[in-house]
Amino acid sequence: MSHTAKNNPQNTRNLPMPVDAHQVYGLSEQSWKVLTDVTFPTAKTPEAILMALDYCKARKLDIFKKPVHVVPMWNAALGRSVETVWPSIMEIQTTASRTGLWAGMDRPIWGPDITRTFTGKFKDDNDTWQESSVTVTFPEWVAVTVYRLVGGCRCAFTEEVYWLEAYSTSGGKYSQLPTAMWIKRPKGQLGKCGKAASLRAAFPEECGYAAEEMDGKSLDDMTEATVISGSASRIDDAPGAGNNAAGFAEPPLVLDLSMIGGKVQKAVKELVRRTVEAQAWKAAYDYANHKFSGLDLTYAITELDKASEAAKASLAVGYLL
């Protein structure tokens, strides 16, 4: 039996519309249907789509242009796959371009083709494990060069990405079987991973991992990447509150710090310290918008808002004295 992994939109058409979809994000029933049927046809839960909405609201992105993807990843602690949200390669390119320092990208350079047969198990549309094998011809590697302006000079950043190290598996952590997309587009998927790797090399503070790199991977293998998973953070508009000085949506009133990594908390603390010293608030908000995403961005904006309010209060006291 040959391996074919099919996406079944019918699984998502009956996803119930959560109250938050309307109250927090202003979606109509028809808009929700578009999200479940067209934009995210493989999402299995409403919470996954809410996570995507959360990310896009924080980043001021149009979710109907699909700047993010819902990606299943294996969680060893739970013994099952969980839904996570990652930016698409187009969103990462957009982030790089917003810096004003992206100076172009060369066409990919491909390594020699290799043909290999993969075997393993996968779950069919009835959620039943099946033994399978598939033969795929793929380029051994790809090299993409991204250019960035550094001190006014156009500098090249090139990364090589190998197919066997990058491809996504469909049967869990220990399966060799590629996912349907990596079988159908072995060259195209590798090309996206090559672009993402080179964009990270050129813009390490702005660009992270792309959805195309994370599909089929395990959460236990993630070290540097920021995963948007769990439940969606609720971004409420407090009564009478508008946007902050940088034009971002208001952050949630309460944020669970256990969902924010230690490295991120340390980086935000240092950003706030330097911002208070220099009183460069707009630059700080701009930096946070490029550096962080999802819950990390919400946390950074929250801390900057707190520091900004404290600075204003201190200034007001100084005037009174």
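Any read-out appearing in this document is the output of simple, stated calculations on the displayed coordinates, not a laboratory observation. Model, not experiment: these values are computed from the prediction. Cβ sites come from the backbone with ideal geometry, for glycine too, and all protein chains shown count toward neighbours.
Farthest toward the positive end of the dipole of the range 9-221, out of A196, V70, W102, is the Cα of W102, where the dipole comes from beta carbon charges about the Cα centre.
Considering amide H positions built from the backbone, and no H for Pro or chain starts, which residues 5 or more places from I114, or on another chain, come under 5 Å of its amide H? The answer is F138, E140.
Computed from backbone phi with θ = phi - 60° and the Karplus coefficients 6.51, -1.76 and 1.60, the 3J(HN,Hα) list for the range 284-291 is 5, 5, 4, 4, 4, 4, 7, 7 Hz; x is used for glycine and proline. Per-peptide packing, taken as the mean over residues of other Cβ atoms within 10 Å, places 139-145, 79-85 in the sequence 139-145, 79-85 from highest down.
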